[in-house]
Amino acid sequence: MKRILLVLGIVILGLAGWIVYQHFYDMKQEEVTIQTKETTLHGVVSFPKEKEKPGLIIFVHGDGPVNAMYDDGYLPLWEELAKKGYASLAWDKPGIGKSTGDWLNQSMEDRANEVIEVIEWAKKNLDIDPKKIGLWGASQGGWVVPKVANASDDVSFSILVSPAINWIEQGKYYTEKV
């Protein structure tokens, strides 16, 4: 019985060590404040530790009351992007966390304009390679990203993750669900 408990204890310690190792996010993070025409946005930017003038990937949230880090859900992806030489930036949606405004009153056009203002802010305030700015959009963000990419010459690439097919129906679904 003692031997089984010893082996079990070693396995548990090993698993705990592996979990801690897997969640050691090797990047520099800082909180930022982004002033737009409509609101003040609270954001988080993550930089690779060793790369000067990294590219930048701006995260465009989907529908819903989302904070900058998506409740830390972005961290594993941001770490991988940092390993590839990219900084990552996202912000609390208006009215969420420390951001002012109300995301519920934003149209897709408003959201696209917000992202364009964030791009301009990033070029002026972050030490990044302005020729390597990309957008990452999930769900409803998949409607916003193409609008921004079409309107801004600063966007060199975009990544769409499960883009929404019909953002109006999606919004109605979430509104009725709440």
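Restricting TRP143, TRP78 to those that are within 13 Å of the chain's Cα centre (by Cα) and either in a loop (DSSP other than H, G, I, E, B) or aromatic (Phe, Trp, Tyr) (or both) reduces the list to TRP78. Among the residues making up the stretch 156-178, a single one is surrounded by 16 or more Cβ atoms within 10 Å (Cβ to Cβ), touching a strand residue (DSSP E or B) at 6+ places or on another chain (Cβ under 6 Å) and either at pLDDT below 95 or hydrophobic (A, V, I, L, M, F, W, C) (or both): LEU160. Taking the stretch 25-45 as the search range and keeping residues that are in contact with an Asp or Glu (Cβ under 8 Å, 6 or more places away or on another chain) and in a strand (DSSP E or B), which one is surrounded by the fewest Cβ atoms within 10 Å (Cβ to Cβ)? Per the stated criteria, the residue is HIS42. Looking across the stretch 85-118, the residues that are part of a helix (DSSP H, G or I) and crowded, with 19+ Cβ neighbours inside 10 Å come down to TRP103, ARG111, ALA112, ASN113, GLU114, VAL115, VAL118. The set of residues in the stretch 83-107 being in contact (Cβ under 8 Å) with a residue 60 or more places away in the chain, over 19 Å from ASP72 (Cα atoms) and among the polar types (S, T, N, Q) consists of THR100 alone. Only residues that are in a helix (DSSP H, G or I) and crowded, with 19+ Cβ neighbours inside 10 Å were counted across the stretch 122-140, and they come to 1.
The values are calculated or read from the model by the stated rules, or taken from the named source; none is laboratory data. Just so it is clear, the model here is predicted, and its values are computed rather than measured. Reconstructed Cβ throughout: ideal geometry from the backbone, glycine too, with neighbour counts over all protein chains shown.
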